[in-house]
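These notes are about the structure you will find just below.
Values in this text are rule-based calculations from the coordinates and carry no lab data. All values derive from a computational prediction rather than experimental measurement. Cβ placement follows ideal geometry from the backbone for every residue including glycine, while neighbour counts extend to all protein chains displayed.
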Ligand SMILES: Cc1cc2nc3c(=O)[nH]c(=O)nc-3n(C[C@H](O)[C@H](O)[C@H](O)COP(=O)(O)OP(=O)(O)OC[C@H]3O[C@@H](n4cnc5c(N)ncnc54)[C@H](O)[C@@H]3O)c2cc1C
């Protein structure tokens with residue numbers, strides 16, 4: 001019997017799997033693609049944590065900036081926890097061997113990203129997500145966590161309002177199979193492909209896990225909060241990373257004039273661009 005069935009092998013799923021394994025559970029990770037192809041591999045700019053390695057920074061400033069960017073709609077308790085634990089999360093990834101870029105003194109390098117009052121984003125060149133995913137996958141594999149790839153979640157198995165596992169379509173054999181588990185963790189990512197052609201997200205971001213949860217009777221919340229990255233290549237929607245603006249890149253309108261603070265929060269910059277167009 002599986003103790004913990006994790007559906008999704010992105011950053012969220014792999015951290016959950018490693019934590020469960022460290023706690024002594026028998027863990028299986030399932031994903032519809034190959035494990036290291038999760039969208040997490042596409043992240044470039046970095047992860048915010050107020051390490052203060054380049055200039056002075058504080059957890060309080062991180063919390064304040066994040067609340068400001070949320071236009072007052074965020075859950076303050078969740079944001080506080082996120083910002084307070086960010087330093088430890090980055091240091092944990094460092095201890096696992098993530099090849100962060102370094103300052104001249106050998107500390108984890110940081111750069112400025114939008115919506116941040118300080119230089120706060122920790123990065124690994126512009127492959128931050130790829131390096132995170134590879135580091136976590138290496139760790140999970142060394143711990144003996146079991147992976148099943150190309151296994152598409154169809155539905156959760158629910159009896160008496162309890163989730164007892166899930167059914168999957170094996171993309172290799174075409175068979176429908178079920179996996180039973182004591183607990184199930186859903187880490188299947190977002191649903192931005194409803195904006196196909198305008199999203200910078202992976203083609204796998206189709207919201208399957210969320211839809212299956214809804215079918216199983218779960219309550220969903222905050223589904224309207226989809227972040228649009230302000231800058232991408234027009235014909236392919238390939239991301240132009242915010243670190244380009246962080247490094248001094250600026251935006252010009254048709255009259256070759258700047259029209260916004262390029263490092264304001266993403267919704268502000270995206271709206272300013274839409275206004276100009
Ligand atoms: C181009 C780009 C750049 C980004 N840059 C940054 C950045 O600089 N900093 C930052 O913090 N964030 C960035 N992000 C956002 C960040 O990458 C995501 O928020 C994060 O990776 C989401 O992780 P996740 O584990 O929740 O989901 P994902 O990485 O999307 O993983 C979802 C997993 O679920 C699996 N799955 C989905 N449906 C099913 C199904 N039906 N059955 C089985 N498995 C399924 C997928 O195969 C995958 O393994 C960026 C995103 C993109 C697209």
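So the values come out like this:
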item	result
Between segment 1-34 and segment 91-132, the alpha-carbon center distance in angstrom	25 Å
Angle in degrees between helix 11-22 and the longest Cα principal axis of the chain, rounded to the nearest 10	50 degrees
Contact order normalised by residue count of the chain, Cα under 8 Å, 6+ apart, percent	22 percent
Degrees, to the nearest 10: 76-96 long Cα axis against longest axis of the chain	80 degrees
Relative exposure of 6, 30, 54, judged by other C-beta atoms within 10 Å (fewest first)	54, 30, 6
Helix axis angle, 59-69 relative to the chain longest principal axis, alpha carbon, degrees	90 degrees
Radius, Kirkwood style, for the chain when every pair of distinct Cα atoms is counted (Å)	20.4 Å
Pair residue 142, residue 58: separation of 7 Å Cα→Cβ label points (nm)	3.7 nm
Tensor-based shape of segment 46-125 (alpha-carbon gyration tensor, a/c under 1.5 rounded, otherwise prolate or oblate)	prolate
Extended-chain gain in nm, criterion 0.36 nm per residue less alpha-carbon gap, residue 219 and residue 182	11.2 nm
Residue order, fewest to most surrounding Cβ atoms within 10 angstrom, among 277, 47	277, 47
P(r) weight above 29 Å for segment 13-164, C-alpha pairs, percent	29 percent
Estimated D of segment 170-233 in µm² per second, where Rh is the Kirkwood radius over Cα pairs and Stokes-Einstein applies at 25 °C, 0.890 mPa s	173 µm²/s
Nearest-0.05 FRET efficiency for residue 203 and residue 172, computed from C-beta distance (R0 25 Å)	0.85
Distant alpha-carbon pairs in segment 104-262 (separation over 27 angstrom), percent	47 percent
Net length gained if the chain between residue 227 and residue 22 were fully extended (0.36 nm per residue, minus Cα distance)	70.5 nm
Choice from 56, 88, 257 showing the highest fluctuation, given a GNM over the chain with Cα pairs closer than 10 Å	257
